[in-house]
1. If we scan the range B:145-167, do we find a residue that is free of Cβ contacts under 8 Å to residues at least 60 places away in the same chain and not hydrophobic (A, V, I, L, M, F, W, C)?
2. Which numbered condition in (1) away from chain A (no Cβ under 14 Å); (2) modelled with pLDDT of 50 or more is the only one that B:D21 fails?
3. Looking at the structure I just gave you, is B:F247 outside any strand (DSSP E or B) and aromatic (F, W, Y)?
4. Just name the residue that is farthest from the chain's Cα centre (by Cα) out of those in the range B:196-241 that are farther than 16 Å from B:L181 by Cβ and aliphatic (A, V, I, L, M).
5. Condition first: among the acidic types (D, E) and crowded, with 22+ Cβ neighbours inside 10 Å. Now tell me which residues in the range B:240-262 satisfy that.
6. For A:A10, work out the one condition from (1) free of Cβ contacts under 8 Å to residues at least 24 places away in the same chain; (2) within 30 Å of B:E7 (Cα to Cα); (3) surrounded by fewer than 22 Cβ atoms within 10 Å (Cβ to Cβ) it doesn't fulfil.
7. Counting only residues that are polar (S, T, N, Q) and part of a loop (DSSP other than H, G, I, E, B), how many does the range B:264-318 have?
8. With A:A44, A:A33 as the choices, which residue is more than 16 Å from the chain's Cα centre (by Cα), aliphatic (A, V, I, L, M) and in a helix (DSSP H, G or I)?
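The values are calculated or read from the model by the stated rules, or taken from the named source; none is laboratory data. If you're wondering where the values come from, they're calculated on a predicted model, not measured in any experiment. Here the Cβ positions follow ideal geometry from the backbone for every residue, glycine too, while neighbour counts run over all protein chains shown.
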Amino acid sequence: MSRWSETLDALMRERGRALYGYAFVLTGDAADADDLLQDALVRAFKRGRGPEDVTAAHAYVKRAIQTAFIDTHRRASVRPRRDGRDADRVLQDPTTASATRDALHEAVLSLPPRERACIVMRYFDGLASPAIAEELGISAGTVRGYLTSAIEKLRRTHGDFGLDPTDALEGGDEHVVITSKGGAR
Amino acid sequence: MSNELMESLARQAETGGALYDGRGGVDDAVVAPARRRVRRARTMRAAGTLGVTALVLAGGVAAALEWQGQRGEIAPAITTVPDTLDGITADDLRAGTTMRTLDDGRTGQAGILCTMAVKDNPYAGADFSRADSCPAVWVADEPLVEVTRAEVVVDGDGTVHVSWELANASGDPILVDEGTLSIALASDPDRVMSGEGYTAGDRQLIAPSLWSDAKNRVVQMEGDTSSATLAPGDTLAGDATLDPQMFTGLGTDGLLEGMSGGSIEPTLTLQVRIPPAGDAGTRELFLEASAVASITGSMDPVSAAFEGLEPRVDGETRADAQEALVCHVGEADNPRFQPDDGDGIASWSTPTCEAVWIPGGKLLELTDVGITQQDKFTSVIQWKAINVSGRTLDLDQASMGVSIDLGDVGYVMNSDGVSVGWTPWNGDSTRHALLSSESDPLSLDPGNPIAGEKTFERDDKALDAHGAVFVRVVREDDEDGTRELLLELPWSLAG
């Protein structure tokens, strides 16, 4: 078996769950997560010797998930649902915490792909704007623009749930850090 | 901190993880198809390497194919025979093979006999597929298999549909690997490739000829093996779709136009592996059968904007003509014709386009190009051009892309209409360009400027790079997205 294939096997064995979960956060749909992870694996392994080890492969594939998600946003399967809702209609039962989180994620899924990716990278990966920009290959100013727009939409559709716009733009880690926690990065 | 949002996302990830667990992983749905696509991409690159080295070809298939991804599709063969596994095997045929050369004048059953280490044999479990050049052989004095149908239909937008049928012409059942059968369209099959190269897809190949030299032929080894017995008189049938972009690759010059216009009747060659009696080993035998394809259909007439264009090669300069590109994308791959996803953000594609001259002098001239490093992550390229044509130019100011050529750096970064990295030229006469999903027509009067800027990930090598700005021409038949015409404005920051 060739080296890239061995690395692919090891990656999916050790980190498959985390990578799939990440794709699922972005897409909110199992079939779309399948497609996204598949595309990302192809991007990461199709050229050269491929990533050297599982950690490097994890980083490659996760970045590929982010960029593939944005690049493939033309596909109907990951096309964003338009946000035409009012806050009170989204959050039917504000007293239930899980309902809040579910509705909140629904609102995240209604964001356009680039805004959605930036929100996930900011609040799931804990990255700061410059680090998100570096990962996506766009400017930090552009990232801040996406975050600002996304936060504004979330607040409009979901109401004020303690989301701090300043923290959204200024907080987070400056550097991408790989940890071993369940393969999450 | 926004704990609710963080918790919501974490919970969604856990939901995805639980889904993953519940399915026992995603090997079938995700990993297996990804592995096949990786193998295919690597095979395409191998084909490119072969083109550059063994066949001493110009240009690189690898880069061309990587930019394009999947280029066509081939449907599974349909067999009219039950899947029983008795018949002539490769072991029965190999012993009787003799050398075949281009000009030996013989007839009979043609074949290709490849020799490789077991570890490299894709049919013996090697974890990759390959295209290779292997010795041509005669397998028998009489044909064992014949092409009984070879039909090509050219759609108006240049999409090509191929359908074929292969029959057992012998008196004995033959064991064939229908799952790996590949097709090839050759425009000039009875000569040696002279450096043009070939373009390979998923069990598809387009080339002037399959002869890499007078004794060796190119064969694809790809797909999932699936053996079947072909009884005397029984047939395998299949079809394939080749998109117009596949006809912009190496070795495809003029083929699509020739088929459409009736000046070229390509030869369709089917290459089918004959499995051995036992496990795959160090040798693989393929039978070949060919027929001249019948052609129906033709491409739609082109706009006057595409008439009178003259071929251009990389590095060529002319003061009496405007650099331009003709991108034969087909509407299915033209971002202008893809559904609007409503997010207000343009999407861009990087099609392969033919370099041309528009005779009659320059139309648009760059007067200013500069790159500034905005911060440690970001650079901005700004440009300004003037209409020097003496007449009004209809241009698309929403479809102005920039290519920054960093040479053989081994990477390409495409984002928002900027392509930075690997040289965009595939060969001397084709290169990648940029097309936007957005359109904003502008009538630019003589002497008036048009300007733009693009932001891209900072790369210090860009500061003394060269490249080009592309501006799409708005045509009178702009609702036809089969082809696009782009003005190319070269620039250089070196020195």
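1. no
2. For B:D21, the failing item is (1).
3. Details: outside any strand (DSSP E or B): yes; aromatic (F, W, Y): yes.
Yes, satisfied.
4. Within the range B:196-241, the match that is farthest from the chain's Cα centre (by Cα) is B:A231.
5. Filtering the range B:240-262 for residues among the acidic types (D, E) gives B:243, B:253, B:257.
Matches in the range B:240-262: B:D243 only.
6. That leaves (1) as the condition not met.
7. Here is the first cut: in the range B:264-318, the ones polar (S, T, N, Q) are B:267, B:269, B:271, B:282, B:290, B:294, B:296, B:298, B:303, B:317.
Now narrow it down to the ones that are part of a loop (DSSP other than H, G, I, E, B): B:282, B:298, B:303, B:317.
Number satisfying all stated conditions: 4.
8. Numbers: A:A33 fails: more than 16 Å from the chain's Cα centre (by Cα).
The unique qualifying residue is A:A44.
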